[in-house]
Amino acid sequence: MGAMNASLSPPDQINDGPPMMAVVAALRARYGSPVRGEPEPPIAGLIATILSQNTSDINTERSFRSLREHFPTWDAVADAPVTAVADAIRSGGLADQKAPRIQAVLREVRQRTGGYDLSFLGDMSIPEARHWLTQMKGVGPKTASCVLMFNLGRDAMPVDTHVHRVALRLHLIPPGTSAERAHELLEAQLPPGATLDAHLLMIRHGRETCVARRPKCAVCPLVDVCPSAPAFLSLEGASANTVKAEI
């Protein structure tokens, strides 16, 4: 058995952190149940998620609204001069990069399906649907998983920087696991219907408590079960002692 485990690559080893649903329960007790909005059609979710790359939620909403105000149909977006699309989404940032990417995705969806209806992805397995989406340039696993989860109600787990950081620190995934591989590893630990709350709660936890620098372990609801907390707490204590010594 030991030899077999030793042959496994790190991303395939079983995590040694707390049970995933115990994490979700603790985060829900701290932050409350996430608010679930009404889903947009999947094509709208796909374009909005591309717009969300490297910008804030507020900028994403503003640029998506502006895009729809300037162009009444997805055909109009796909066939417009790229500069016109870039101008419409300028408020979201990186408009000159995102505009051609959005147009290319829309054109490829239209070519592959004859329109913009992506509801058929709801009938595929999650790996198949994710593969269908990620065949398009500019659509990575996170973007695909967002569309599947938010817009099609699938149990796909988007892994952004916050989810990835929290999962690594809690040892929900092995050290060194890439964000791409983490999608499937985290999905496998969640029962049907739990993925959306898990995703949103882990994002909030990563933004407010388990931050990238100087995580707030002393006030974390998971401090007693987090394998990474002792190291961070000891660093915090060492810093405090250094300050006292200097005083």
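The values are calculated or read from the model by the stated rules, or taken from the named source; none is laboratory data. This is a predicted model, so every value here is computed, not measured. Cβ: placed from backbone, ideal geometry, glycine included. Neighbour counts: every protein chain shown.
Filter region 183-227 down to residues that are outside any helix (DSSP H, G or I), of a type outside the set (Gly, Ala, Ser) and more than 16 Å from residue 22 (Cβ to Cβ), then give me how many there are. Working first, answer last.
Keep residues of region 183-227 that are outside any helix (DSSP H, G or I), which gives 188-194, 209-216, 220-227.
Within this subset, residues satisfying the condition of being of a type outside the set (Gly, Ala, Ser) are 189-192, 209-211, 213-216, 220-227.
Remaining after also requiring more than 16 Å from residue 22 (Cβ to Cβ): 192, 209, 211, 213-216.
Residues in region 183-227 being outside any helix (DSSP H, G or I), of a type outside the set (Gly, Ala, Ser) and more than 16 Å from residue 22 (Cβ to Cβ): 7 in total.
In this structure, is residue 180 outside any loop (DSSP other than H, G, I, E, B) and out of contact with any Gly (no Cβ under 8 Å at 6 or more places or on another chain)?
Numbers: outside any loop (DSSP other than H, G, I, E, B): yes; out of contact with any Gly (no Cβ under 8 Å at 6 or more places or on another chain): no.
No; evaluated as a whole, the condition is false for this residue.
Select from region 68-96 the residues that are under 22 Å from residue 140 (Cα atoms), assigned to a helix (DSSP H, G or I) and modelled with pLDDT under 95 and list them in ascending order.
92, the sole residue that qualifies.
Is it fair to say residue 197 is crowded, with 16+ Cβ neighbours inside 10 Å and over 17 Å from residue 49 (Cβ atoms)? Reasoning before the result, please.
On the way: crowded, with 16+ Cβ neighbours inside 10 Å: yes; over 17 Å from residue 49 (Cβ atoms): yes.
Spelling it out, residue 197 is indeed crowded, with 16+ Cβ neighbours inside 10 Å and over 17 Å from residue 49 (Cβ atoms).
Against the definition (in contact (Cβ under 8 Å) with a residue 24 or more places away in the chain, surrounded by 18 or more Cβ atoms within 10 Å (Cβ to Cβ), aliphatic (A, V, I, L, M) and in a helix (DSSP H, G or I)), how does residue 99 come out, yes or no?
Values: in contact (Cβ under 8 Å) with a residue 24 or more places away in the chain: no; surrounded by 18 or more Cβ atoms within 10 Å (Cβ to Cβ): yes; aliphatic (A, V, I, L, M): yes; in a helix (DSSP H, G or I): yes.
For residue 99, the condition - in contact (Cβ under 8 Å) with a residue 24 or more places away in the chain, surrounded by 18 or more Cβ atoms within 10 Å (Cβ to Cβ), aliphatic (A, V, I, L, M) and in a helix (DSSP H, G or I) - is not met.
Would you check which residues across region 30-54 are surrounded by fewer than 17 Cβ atoms within 10 Å (Cβ to Cβ) and not in a helix (DSSP H, G or I) and list them?
Step one: list which residues in region 30-54 are surrounded by fewer than 17 Cβ atoms within 10 Å (Cβ to Cβ), which gives 30-41, 54.
Of everything in region 30-54, those that are surrounded by fewer than 17 Cβ atoms within 10 Å (Cβ to Cβ) and not in a helix (DSSP H, G or I) turn out to be 32, 33, 34, 35, 36, 37, 38, 39, 40, 41, 54.
Let's see how each residue does on (1) under 15 Å from the mean Cα position of the chain (by Cα); (2) of a type in the set (D, E, K, R):
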{"residue": "150", "(1), (2)": "yes, no"}
{"residue": "155", "(1), (2)": "yes, yes"}
{"residue": "158", "(1), (2)": "yes, no"}
{"residue": "174", "(1), (2)": "no, no"}
{"residue": "178", "(1), (2)": "yes, no"}
{"residue": "186", "(1), (2)": "yes, no"}
{"residue": "189", "(1), (2)": "no, no"}
{"residue": "193", "(1), (2)": "no, no"}
{"residue": "197", "(1), (2)": "yes, yes"}
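Taking residue 144, is it free of Cβ contacts under 8 Å to residues at least 40 places away in the same chain and in contact with a helix residue (DSSP H, G or I) (Cβ under 8 Å, 6 or more places away or on another chain)?
Considered against the rule, which asks whether it is free of Cβ contacts under 8 Å to residues at least 40 places away in the same chain and in contact with a helix residue (DSSP H, G or I) (Cβ under 8 Å, 6 or more places away or on another chain), residue 144 comes out as yes.
Please count how many residues of region 142-168 are touching a Lys or Arg at 6+ places or on another chain (Cβ under 7 Å), outside any loop (DSSP other than H, G, I, E, B) and either among the hydroxyl-bearing types (Ser, Thr, Tyr) or over 23 Å from residue 223 (Cβ atoms) (or both). Before the answer, list the steps.
Taking region 142-168 and keeping what is touching a Lys or Arg at 6+ places or on another chain (Cβ under 7 Å), we get 144-145, 148, 156, 158-160, 162.
Then keep just the ones that are outside any loop (DSSP other than H, G, I, E, B); that gives 144-145, 148, 162.
Now narrow it down to the ones that are either among the hydroxyl-bearing types (Ser, Thr, Tyr) or over 23 Å from residue 223 (Cβ atoms) (or both): 144-145, 148.
Count: 3.
For region 55-64, which residues satisfy the criterion of being part of a helix (DSSP H, G or I) and loosely packed, with under 15 Cβ neighbours inside 10 Å?
So in region 55-64, the residues part of a helix (DSSP H, G or I) come out as 57-64.
Hits for region 55-64 are 57, 58.
Tell me whether region 164-174 contains one or more residues that are surrounded by 23 or more Cβ atoms within 10 Å (Cβ to Cβ) and under 18 Å from residue 119 (Cβ atoms).
The answer is no, given that none of the residues of region 164-174 is surrounded by 23 or more Cβ atoms within 10 Å (Cβ to Cβ) and under 18 Å from residue 119 (Cβ atoms).
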